[in-house]
Amino acid sequence: MHVADFVSGSLAGACGVAVGYPLDTVKVRIQTQRQFTGIWQCVMVTFSKEGVHGFFKGITLPLATISMTSSVVFGTYRNCLQCLSQARRAGCGPNTKPEIFMSGMAAGVAQTSVMSPGDIVKVRLQCQTASKRAGVSVNKPRYRGPVHCLLTIVKEEGLRGLYRGVIPLMLRDSLSFATYFLTYATLCEWLTESGNTRPSWSGVMLAGGASGIVGWTLGTPMDVIKARLQMDGAQEGRRYKGLLHCITETVRVEGAGVFFKSLGINWLRAFPVNMVVFATYEGVTSLLKD
């Protein structure tokens, strides 16, 4: 088992969260609340009403759990590659593109079980627009923090409430991680100079950023549905009966274009985040395996 990949993956994930969380908050608000009409408008309204703190609501739990989820992703991916390589009796030879795609898909599915509870808490805290600054709002925030939010969901919705939106989350991550790792591996192959076994650090960062953009392009529609199902019933009565009803109702009311409403900010966030993630992952892995 490639233990180093679990360790380096956890550190890479933590760095990625630190870089991309403010834009992730903007993305979630655009996806779930009609009062926000665009990226810049959401940024300005959030800052004017809530200050810098508004962009980091709910970050505590993701930082606490990202080491586990990112470790699962990279560890599962690397060990699946090894198992598939051994299954075709290829020893330590290079993996094929289908093997990379399947391993990435397995990694996306594997992280869902550990990611879902923390993700729903993150989304609900991010969508809590009431400010803690005195004199700005008389509306008291429903959730006082990550732990209170977690316990409130369990109390009101049961343990199943922590896994609301888990199906679109799984659909999002299985496809996006499959293309994510395939894009990264392909670009690294193209960017590696003849005679070398890996690209330069600039090549690693370019491949990482580009793979993030490709993954989020395919994952954004299900990301929208996931966020809406996670927020359903949190602030008012339940609106959606399930995944298919959420999709059809969203299209009926807002049109199919709503699925890509947050694509721009996902691209804006994906490149620097995944550039940092893969640079950290490759760097730490090299240190641990040397």
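For the reader, a short list of remarks on this structure follows.
- Taking residues in region 54-72 that are acidic (Asp, Glu), and partners anywhere that are modelled with pLDDT under 80 and assigned to a helix (DSSP H, G or I), not one pair has Cβ atoms closer than 7 Å while being at least 6 places apart or on different chains.
- Of 160, 164, all but one fail to be surrounded by 18 or more Cβ atoms within 10 Å (Cβ to Cβ) and under 19 Å from residue 117 (Cα atoms); the exception is 164.
- Unmet criterion (only one of (1) part of a helix (DSSP H, G or I); (2) buried (at least 17 other Cβ atoms within 10 Å of the Cβ)) for residue 18: (2)
- Just so you know, in region 132-182 the residues that are of a type in the set (Gly, Ala, Ser) and assigned to a helix (DSSP H, G or I) include one that is modelled with the lowest pLDDT, and it is 161.
- Scanning region 203-241 for residues that are out of contact with any Leu (no Cβ under 9 Å at 6 or more places or on another chain), within 30 Å of residue 282 (Cα to Cα) and hydrophobic (A, V, I, L, M, F, W, C) yields 205, 213.
- Among the residues listed as 206, 187, 169, the single one being surrounded by fewer than 23 Cβ atoms within 10 Å (Cβ to Cβ) and closer than 18 Å to residue 13 by Cα: 206
- Of residues in region 28-58 being among the aliphatic types (A, V, I, L, M) and surrounded by 20 or more Cβ atoms within 10 Å (Cβ to Cβ), the one nearest to residue 251 (Cα to Cα): 30
- Check on residue 58, over 23 Å from residue 188 (Cβ atoms), outside any helix (DSSP H, G or I) and at pLDDT below 85: yes
- Scanning region 233-264 for residues that are out of contact with any Phe, Trp or Tyr (no Cβ under 8 Å at 6 or more places or on another chain) and among the hydroxyl-bearing types (Ser, Thr, Tyr) yields 240, 248, 262.
Residue-by-condition table, conditions (1) assigned to a helix (DSSP H, G or I); (2) free of Cβ contacts under 8 Å to residues at least 60 places away in the same chain; (3) not charged (D, E, K, R):
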| residue | (1), (2), (3) |
| --- | --- |
| 81 | yes, yes, yes |
| 94 | no, yes, yes |
| 108 | yes, no, yes |
| 118 | yes, yes, yes |
| 122 | yes, no, no |
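The values are calculated or read from the model by the stated rules, or taken from the named source; none is laboratory data. Since the model is a prediction, treat every value here as computed from it, not as a measurement. Neighbour counts run over all protein chains shown; Cβ positions are idealised from the backbone, glycine included.
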